[in-house]
Amino acid sequence: MSTAKSTVSKLLADIAITRMSEHDLLEVVEIEERSGLSRWGWAAYYGELQGVNRDLMLVARPQTRVSLGRGHIAGYIVARETAGELHINNVAIREEYRRQGIGSALLTRIVEDGKKLGATKAFLEVRAGNTAARALYERCGFSPIARRRNYYSEPQEDAVVMCFFL
């Protein structure tokens, strides 16, 4: 096994994926802002935590806090299950933890959790120009099915709608 693969394996072995709590929200919003996602903000995440889909709000956290340096959440994912569909609203990984398998691990876990709730397909939107995220989603089994013109603002951009049959 190469040194790079060994490092990634060690990192993922050190990551715990757990349910998001109110105590995580300041870091979640910080990651959101640094990632350039459409802004939800603290109040929206807090509201989601009070709802029926709170179990579909997850954070990835290194088990050894020293391994992260800034804060203690490496990334997060937020989804909703409605009428047999899992809608993935936000996925974000701290920049220094990208391309190390954390996004794939969060997507895999949220899809598994969605299946347990009865979802038969998963959907998400991604900025058309975010080629790294689109590649990640495709590696995880999502396929582009539609385009939404001018879906995003700041900056204005189309969204690619992607679907995965569970």
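Tabulated data
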{"quantity": "Residue in segment 67-81 that is in a strand (DSSP E or B) and either at pLDDT below 95 or β-branched (Val, Ile, Thr) (or both) present", "calculated": "yes"}
{"quantity": "Where a residue in segment 152-166 is at pLDDT below 95 and its partner, wherever it lies, is part of a strand (DSSP E or B) and aliphatic (A, V, I, L, M), with Cβ under 9 Å and at least six apart", "calculated": "TYR152/ALA159; LEU166/LEU86; LEU166/ALA122"}
{"quantity": "GLU138 at pLDDT 95 or above, within 17 Å of the chain's Cα centre (by Cα), under 22 Å from ILE93 (Cα atoms) and surrounded by 13 or more Cβ atoms within 10 Å (Cβ to Cβ)", "calculated": "yes"}
{"quantity": "Conditions (1) touching a residue at least 40 places away in the same chain (Cβ under 8 Å); (2) under 22 Å from ALA60 (Cβ atoms): number failed by THR120", "calculated": "(2)"}
{"quantity": "Residue among ARG149, ARG134 that alone is out of contact with any Cys (no Cβ under 6 Å at 6 or more places or on another chain), among the basic types (Lys, Arg) and assigned to a strand (DSSP E or B)", "calculated": "ARG149"}
{"quantity": "Condition met for ILE102 (surrounded by fewer than 18 Cβ atoms within 10 Å (Cβ to Cβ) and among the aliphatic types (A, V, I, L, M))", "calculated": "no"}
{"quantity": "Residues of segment 76-99 satisfying the condition of being farther than 17 Å from LEU25 by Cβ, of a type outside the set (Val, Ile, Thr) and either crowded, with 18+ Cβ neighbours inside 10 Å or free of Cβ contacts under 8 Å to residues at least 60 places away in the same chain (or both)", "calculated": "ARG80, GLU81, ALA83, GLY84, GLU85, LEU86, HIS87, GLU96, TYR97, ARG98, ARG99"}
{"quantity": "Residue selected from segment 13-32 under the condition in a strand (DSSP E or B) and of a type in the set (A, V, I, L, M, F, W, C), by the criterion nearest to PRO62 (Cα to Cα)", "calculated": "ILE15"}
{"quantity": "Test: residue in segment 117-131 that is touching a strand residue (DSSP E or B) at 6+ places or on another chain (Cβ under 8 Å), assigned to a helix (DSSP H, G or I) and charged (D, E, K, R)", "calculated": "no"}
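The values are calculated or read from the model by the stated rules, or taken from the named source; none is laboratory data. Remember, it's a predicted structure, so these values are computed and weren't measured experimentally. Glycine gets a Cβ as well: all are built from the backbone with ideal geometry, and neighbour counts include every protein chain shown.
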